[in-house]
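Inspection log for the structure reproduced underneath, given as structure tokens.
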Amino acid sequence: MPPIRSANDAARIWQEVQGGNIDTIGTDHVANRLGLKLGGDTVWDALAGFPGIGTMLPILLSEGVNKGRITLQQLSNLTSLNTAKIFGMYPKKGIIQKGSDADIVLVDMKAEKKVSHELLNGYSDYTVYDGWNLKGWPVKTLVRGTVVAEDFKVIGKAGYGKFVQRPVLA
């Protein structure tokens, strides 16, 4: 948990992303401690999931954009535009245009860092990507035009989030 994927599986997923057969990329995020993850006597006793929100974008920048597998525009579509459309939040979310929220992530495509739980600065005391050297990292996040995170530190005020009305899909 999560299931182990082979190099062939990973290559096929990139192939499908490049071919436009995947509409969106996201991640779950299970912030737990390693002791809880490894607790129990069998694999079925282990907690499902792992912390992934802090590494999703750096992995896509490093392994996708910087390795020429996808463009920045494809990355933006896969993580923002398409997702906003699928969940009925477009054009309030997912695009930069007049009348839309100014939700923007600024990235440094040349920044190189080694992944560790200390770098990610969350509740979890582990990451399954520990030791990965990634090139391309977010450096600033704006929500509705206000800086809420900078260099992996949350600086936004608690309660700044806002409910986005969207249609109920049957």
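Which one of Asp151, Asp108 is at pLDDT 95 or above, within 21 Å of Leu72 (Cα to Cα), under 16 Å from the mean Cα position of the chain (by Cα) and acidic (Asp, Glu)? Give the derivation first.
Details: Asp151 fails: at pLDDT 95 or above.
From the options Asp151, Asp108, the qualifying one is Asp108.
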- Note on the structure: Only unsatisfied item for Ser62, checking (1) on the phi > 0 side of the Ramachandran plot; (2) small (Gly, Ala, Ser); (3) touching a residue at least 60 places away in the same chain (Cβ under 8 Å), is (1)
- Task: Run Leu75 past the list (1) in a helix (DSSP H, G or I); (2) surrounded by fewer than 12 Cβ atoms within 10 Å (Cβ to Cβ) and report the number of the one that doesn't hold.
- Result: (2)
- Test Asp28 against the stated conditions and say whether it is charged (D, E, K, R), loosely packed, with under 13 Cβ neighbours inside 10 Å and within 30 Å of Val168 (Cβ to Cβ). yes
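From the residues in region 1-46 that are assigned to a loop (DSSP other than H, G, I, E, B) and in contact with an Asp or Glu (Cβ under 8 Å, 6 or more places away or on another chain), which one is modelled with the highest pLDDT? First the steps, then the outcome.
Looking only at region 1-46, we keep the residues that are assigned to a loop (DSSP other than H, G, I, E, B), and these are 1-6, 19-33, 38-42, 46.
In the following step, the residues that additionally are in contact with an Asp or Glu (Cβ under 8 Å, 6 or more places away or on another chain) were identified as 22, 33, 39.
Details: Ile22: 96, Arg33: 90, Gly39: 80.
By that ranking, first place goes to Ile22.
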- Message: Within region 86-93, does at least one residue satisfy the condition of being closer than 28 Å to Asn21 by Cα and without any contact (Cβ under 8 Å) to a residue 40 or more places away in the chain?
- Response: yes
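Looking only at residues that are among the hydrophobic types (A, V, I, L, M, F, W, C) and touching a Pro at 6+ places or on another chain (Cβ under 9 Å) in region 31-72, which one is surrounded by the most Cβ atoms within 10 Å (Cβ to Cβ)?
Step by step, filter region 31-72, then rank; the result is Leu61.
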- Can you run down the residue pairs with Cβ atoms below 7 Å, 6 or more apart or on separate chains, where the first is in region 16-29 and under 9 Å from Gly52 (Cα atoms) and the partner is modelled with pLDDT under 95 and not hydroxyl-bearing (Ser, Thr, Tyr)? Thr27/Gly52; Thr27/Ile53; Asp28/Gly49; Asp28/Gly52; His29/Pro51; His29/Gly52; His29/Ile53
- Boolean, Ile59 is part of a loop (DSSP other than H, G, I, E, B) and either touching a strand residue (DSSP E or B) at 6+ places or on another chain (Cβ under 9 Å) or under 23 Å from Lys140 (Cα atoms) (or both): no
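Being among the charged types (D, E, K, R) and touching a residue at least 60 places away in the same chain (Cβ under 8 Å) narrows it down to one residue among Asp103, Asp125, Asp108; which is it? Show your work before the answer.
Details: Asp103 fails: touching a residue at least 60 places away in the same chain (Cβ under 8 Å); Asp108 fails: touching a residue at least 60 places away in the same chain (Cβ under 8 Å).
Just a single option satisfies the conditions, and that option is Asp125.
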- Note on the structure: Among residues of region 111-131 being at pLDDT 95 or above and touching a strand residue (DSSP E or B) at 6+ places or on another chain (Cβ under 7 Å), the residue nearest to Gln73 (Cα to Cα) is Ala111
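The values are calculated or read from the model by the stated rules, or taken from the named source; none is laboratory data. From a predicted model like this one, the values you see are computed outputs, not experimental measurements. Note: ideal-geometry Cβ built from the backbone for every residue, glycine included; neighbour counts use all protein chains shown.
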